[in-house]
1. Largest first and to the nearest Å, give the Cα extent of the stretch 1-94 along each principal axis.
2. Rounded to whole Å, give me the distance from the Cα center of the stretch 1-57 to that of the stretch 81-159.
3. Could you give the longest part of the chain that holds none of the trypsin sites (Lys or Arg not before Pro) found in DSSP loops with at most 14 neighbouring Cβ atoms within 10 Å?
4. Find out how many positive minus negative residues lie around LEU30, taking Lys and Arg as positive, Asp and Glu as negative, among other residues whose Cβ is under 11 Å from that of LEU30.
5. In the stretch 1-94, with Lys and Arg counted as +1 and Asp and Glu as -1 at Cβ, which of these residues, HIS76, ALA40, GLN8, has the Cα nearest the positive end of the dipole, that is, farthest along it?
6. Please find the FRET efficiency linking TYR48 to THR28, where r is the Cβ-Cβ separation and R0 is fixed at 30 Å, and quote it to the nearest 0.05.
7. Report the Rg/Rh value for the chain, based on alpha-carbon coordinates and the Kirkwood definition of Rh.
8. Within the stretch 3-96, list the GluC sites (Glu not before Pro) lying in a DSSP loop whose Cβ has at most 16 other Cβ atoms in a 10 Å radius.
Amino acid sequence: MTTLLAEQHAVRLAHAEAHAASHRLALTPLRRQVYAAILASERPIGAYELLDTLAPERGRMPPTTVYRALDFLVAHGFVHRIESKNAFVACCEIGVPHRSQFLMCDHCGATVEIPGDELADQLSHSAPAHGFEVHRQVIELSGLCALCARAAKPAGAQT
Ligand SMILES: [Zn+2]
Ligand SMILES: [Zn+2]
């Protein structure tokens, strides 16, 4: 990890801690470690991968322990669940209520959160016109990130 990335993670972790403190949310040592591991992961990370990542610090934990920590982090907006991968990413704006869309690279797994209620609102408002009752709304787009798209182009290609 580069120093710059490590600094960004430290800033985001501090922000999450401050948010938890000001809202009386119990960011226990385990929840904090799970959050930090999700933050440090370059792509969405699943519960079992988190168990492996945390094993050196915490020893072997039952999966339910990590699932409970994840439930807390999702419920309070620290992380989002990527439904199609059953994995988790750190939220880009903790403390600001929002709905999000996700751009996910099929090649490297990089995932970008695009917060914004407009598209989600539009969809949930148009569903009833079709007599459809929405229970769960997930907007996840798969494709190639800028780096992978560039790498996939034949050398010398202009566009
Ligand atoms: Zn978010
Ligand atoms: Zn990529």
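Bear in mind that the values in this text are calculations on the coordinates, not laboratory data. In this text the structure is predicted, and so the values were computed from the model without any measurement. Because the Cβ atoms are built from the backbone with ideal geometry, glycine has one as well, and the counts that use them run over all protein chains shown.
1. Over the stretch 1-94, Cα extents along the principal axes are 32, 29, 29 Å.
2. If we compute the Cα centre of each part, the gap is 22 Å.
3. Working: sites that count: ARG24, ARG60, ARG136.
Value returned for the longest uninterrupted segment is 61-135.
4. +3
5. It is HIS76.
6. Details: r = 21 Å, r/R0 = 0.69.
Between TYR48 and THR28 the formula returns 0.90.
7. 1.02
8. Qualifying residues, ordered by number: GLU42, GLU93.
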